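The values are calculated or read from the model by the stated rules, or taken from the named source; none is laboratory data. Fair warning: this is a prediction, and the values are worked out from it, not measured in the lab. Every residue, glycine among them, receives a Cβ derived from its backbone with ideal geometry; neighbour counts consider all protein chains shown. Heavy atoms of the whole protein, side chains included, go into the accessibility calculation; ligands, DNA and RNA do not. Shrake-Rupley method; radii C 1.70, N 1.55, O 1.52, S 1.80 Å.
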Amino acid sequence: MKIALMDSGIGLLPAAAAVRRLRPDADLVLSWDPDGMPWGPRTPEDITERAIAVAEAAAAHEPDVLIVACNTASVHSLPAMRARFEPRLPIIGTVPAIKPAAAGGGPVAIWATPATTGSAYQRGLIERFADGVAVAEVACPGLADAVHHADDEAIDAAIASAAARTPDNVTTLVLGCTNYELVAERIRAAVQRPGRPPLVLHGTAGAVAAQALRRIGVEPAPEAVGDTTLTVLLSGREATLPGTALSYDEGRFLRAVSPVR
C-alpha cells in the first residue's frame with residue numbers, strides 16, 4: 001500500500017503523520033512545491049497549474065490514493081485534479097472542519113489564509129453546515145509561510161495578529177490551513193481567554209487520513225508493522241526531509257519511523 005500526500009509546503013506533515021499512525025505499514029510519498037510557494041497569493045488558475053504539477057510528481061510513484069493536504073488547493077483545484085487523475089488515482093481533498101465545529105453550537109472562528117477566507121467555497125460550507133451559528137472568518141496573512149519556514153518570530157507575530165482579531169467569546173476554532181496544525185498549541189495559547197471554557201480546536205489531519213483509507217477499502221491497523229519507505233519530492237525532485245520539517249514533532253516522527261531511502 002502506498003499513500004501520497006501533496007501540498008504547497010510542509011502543511012502535509014500532520015496528515016502524513018496521521019496516516020503513518022493509522023497504517024505503519026504504508027509507504028508514503030510526500031510531494032510539495034518549494035519553487036512555487038506560497039500558493040495563496042496566486043490566481044486560482046496558477047494555483048491549479050502548480051497543484052497538478054505537484055500531483056503529477058506524486059502520481060509518477062504509482063500511489064493507491066493521493067491526499068490533497070492543502071486547503072488552498074482544495075478550494076481552487078479539486079475539480080481539475082479529479083478530472084485529471086480519477087478514477088485511476090483517487091483524490092482526497094481537505095475541507096475546513098466547519099461541520100463538526102458548528103455542531104458544538106459556537107461561536108466559531110475560522111482561521112485561514114487570505115485566499116481561503118471569504119472564498120465562495122468557504123462561505124458555502126458556512127451556509128451549509130453552520131446555519132444559525134455565529135462564525136467569524138479570520139484571515140491570517142503570513143502565518144502559513146512563517147510556519148513553512150519555521151520562523152518562530154514571524155509565527156508568533158502572525159498568531160498574535162490573528163488572535164487580536166478573533167472575537168473573545170469563541171468556544172471553537174477551526175484551523176483552516178493545514179500548516180496551522182503544526183503550531184496548534186501555540187494558537188490555542190494565544191486565543192484562549194482567561195476565565196473561558198477550554199478552547200476546542202478542529203483540524204483535518206485525522207479525518208483526511210481516515211477518508212483516504214476508506215476510499216481504498218482498507219481499515220486502520222495501528223499495530224501493523226512493515227519495512228516502509230518515505231519518498232520526499234520537492235517541486236518534483238527527490239530529496240530528504242528539510243530541516244524546517246524537522247523543526248516539528250510530525251516531521252521528526254516521520255523520519256524516525258520511516259527514514260527516507
Towards the positive end of the charge dipole of the chain, with charges on Cβ (+1 Lys, Arg; -1 Asp, Glu), say which of Val75, Gly226, Pro100 has the farthest Cα. Pro100
For the stretch 197-256, which GluC sites (Glu not before Pro) are in a loop by DSSP, counting at most 13 other Cβ atoms within 10 Å? Glu223
Given (1) 49, 36, 36; (2) 52, 44, 33; (3) 58, 37, 28, which label gives Cα extents along the principal axes in Å as computed from the coordinates? (1)
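Kindly give the semi-axes, whole Å and largest first, of the ellipsoid equivalent to the stretch 1-154, taking each as the square root of 5 times a Cα gyration tensor eigenvalue. Before the final figure, lay out the partial values.
Details: eigenvalues 132, 65, 54 Å².
Listed largest to smallest, the semi-axes of the stretch 1-154 are 26, 18, 16 Å.
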Which whole-number value in Å² is the accessible area per residue of the chain, probe 1.4 Å? 42
Please name which of Ile216, Gly251, Gly40 has its Cα lying farthest along the dipole of the chain towards the positive end, using unit charges on Cβ (Lys, Arg +1; Asp, Glu -1) and the Cα centre as origin. Ile216
Cβ-based charge dipole, the chain, positive-most Cα from Ala164, Ala207, Val133: Val133
With a 1.4 Å probe and every protein chain kept in, tell me what percent of the accessible surface of the chain is carbon plus sulfur. 52
Lys, Arg +1 and Asp, Glu -1 on Cβ, resulting dipole of the stretch 1-121 about Cα centre, debye, nearest 20: 400
If only Cα atoms are counted, what is the Rg of the stretch 65-104, and what is its Dmax, in Å? 11.8, 38
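If packing is taken as the mean number of other Cβ atoms within 10 Å per residue, what is the order of 141-152, 7-18, highest first? Don't skip to the end; give the middle numbers.
Working: 141-152: 20.5, 7-18: 27.7.
In descending order of packing, they fall as 7-18, 141-152.
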Could you please put Tyr121, Tyr180 in sequence from largest to smallest accessible area, using a 1.4 Å probe? Tyr121, Tyr180
Using a 1.4 Å probe and counting only protein heavy atoms, arrange Arg42, Arg252 so the residue with the most accessible area comes first. Arg252, Arg42
Gain in length, Val218 to Ala136, computed as 0.36 nm per residue apart minus the alpha-carbon separation, to one decimal in nm? 25.8 nm
For Lys99, what accessible surface area do you get with a 1.4 Å probe? Give it in Å², rounded to 10. 120
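With the contact rule set at Cα under 8 Å and sequence spacing of 6 or more, what percent relative contact order holds for the chain? It would help to have the intermediate numbers written out before the result.
Numbers: 525 pairs, mean separation 72.4, N = 261.
For the chain, the relative contact order is 28 percent.
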